[in-house]
Every structure is written in structure tokens, then in C-alpha cells.
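Worksheet: the structure to be examined is printed underneath.
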Amino acid sequence: MSCTDIQAKLAEAEKVYHELMLGLSVRVFVDQNGERVEYTAANKQALLSYINQLRSQMTDGSTCVAPAARGPIRFTF
């Protein structure tokens, strides 16, 4: 899964979680595999777990994490 896909899914999931916390209607999330997950107030913990899973995919060595900035190269003679 590409970095862009993960970021899009994370943004969608966070939006749904926010709406769920506000008490808005039931939300449905369909991923690229066609799996359908329906979130209600009763299983908001499952949605939070999914959000944390997506966040971990972005920070566990994938290409989504920008490499650390390095200082200038110095030559010693």
C-alpha cells in the first residue's frame, strides 16, 4: 500500500471517528479490497484501533516517513 493510500485512509477514518464522537449517524468504510466495515457508537474502539494501525504503518519503516535531515558533509584530511 502506498503512502498516499495510507494517508487517505487515515484522513477518512479520523473524519469518521470525529463524526462518530459527535453522535452523528452510522458510518460505513469500504477499503480498496471491497471490505465493508460499519462503525456505530457501540464499536468506536474498533475504529480507534484501525486509526492507530494506520498510523503505525506510516511510522514503521515504510516510505511514508520522511528521512531524518542530515548535516552537511565534511571532509577531513
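Evaluation of Q32 against the conditions (1) surrounded by 10 or more Cβ atoms within 10 Å (Cβ to Cβ); (2) at pLDDT below 85; (3) touching an Asp or Glu at 6+ places or on another chain (Cβ under 9 Å); (4) not hydroxyl-bearing (S, T, Y) shows that the sole unmet condition is (1). Hey, does segment 40-59 have a residue that's modelled with pLDDT under 85 and in contact with a Leu (Cβ under 6 Å, 6 or more places away or on another chain)? Checked segment 40-59: at least one residue is modelled with pLDDT under 85 and in contact with a Leu (Cβ under 6 Å, 6 or more places away or on another chain).
The values are calculated or read from the model by the stated rules, or taken from the named source; none is laboratory data. Keep in mind the model is a prediction, meaning the values are calculated, not measured. Ideal geometry is used to build each Cβ from the backbone, glycine not excepted, and the neighbour counts take in all protein chains shown.
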